[in-house]
Amino acid sequence: MTRSVLFAATTLLILPAIAQDTKPKEETAPKKEETKPAETPATKPTLDFGDHSSSTITTKAWQALTAAKHDEVDGYVAKCIELYEAKALEMQKGLTEAAPKEKAAEYWALNDVGTCYYIRGQSKEARGKKEEAAADYKTLVEKLSYAQCWDTKGWFWKPADAAKDKVKSLEFDSLK
């Protein structure tokens, strides 16, 4: 046999082996049970704070609570507290009792921040986070007790009074 015939025969024998080596091996591909889905970070809801006034933010917090959108409640309440709590505490210090209904609107920051603590307490309670709810209610009672909330039926009510009852109820439930 000549060298070229021998080379051709050897090449024919080796080519299938070379072709197999260039194919991806099934063993190197990850198995389905080994493949982990990409983890997506928890997304926070995109909130519309409107004109950023305390009344707008508080209204949106109420709407979120009514719709059981608890992440939104947390976001709106946190923003109201961030922007207006200092002013609310200042207003609280200037009072010895709740403002008469004719002047209640002048205490807008106190009223809205206090109401937001109540809203968040309600939201936490709905989620079964009783200790966190109690903490919000206690903050309202201890620091913002003169806050008032306008009822659409035509009167002001005091969130701190309602919060006192909630604290008692939650503390009683925790004893069971």
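The figure for residue 136 is an accessible area of roughly 10 square angstrom, using a 1.4 Å probe on the protein chains alone.
Sort 127, 120 by heavy-atom solvent-accessible area, probe 1.4 angstrom, most to least.
127, 120
Over region 61-132, the pair-distance histogram of Cα-Cα distances with 10 Å bins from zero comes to 21, 44, 28, 7 percent, rounded to whole numbers. Per residue, the average separation of C-alpha pairs within less than 8 Å and at least 6 apart gives region 112-176 a relative contact order of 33 percent. A simple spin-label model places pseudo-atoms 7 Å from Cα toward Cβ; at residue 59 and residue 89 they are separated by 2.9 nm.
Using a probe radius of 1.4 Å on heavy atoms only, what accessible surface per residue do you get for region 91-176? Whole Å² is fine.
The answer is 58 Å² per residue.
Shown in residue order for region 144-159 are the 3J(HN,Hα) couplings computed by the Karplus curve 6.51 cos²θ - 1.76 cosθ + 1.60 at θ = phi - 60°: 10, 5, 9, 5, 10, 10, 7, 8, 5, 7, x, 8, 8, 10, 9, x Hz (x for Gly and Pro).
The values are calculated or read from the model by the stated rules, or taken from the named source; none is laboratory data. A quick note: this is a predicted structure, and the numbers were derived from the prediction, not measured. Heads up, the Cβs are rebuilt from the backbone with ideal geometry, glycines too, and the neighbour counts pull from every protein chain shown. Quick note on the areas: whole protein, heavy atoms, side chains included, nothing else; ligands and nucleic acids left out. Shrake-Rupley method; radii C 1.70, N 1.55, O 1.52, S 1.80 Å.
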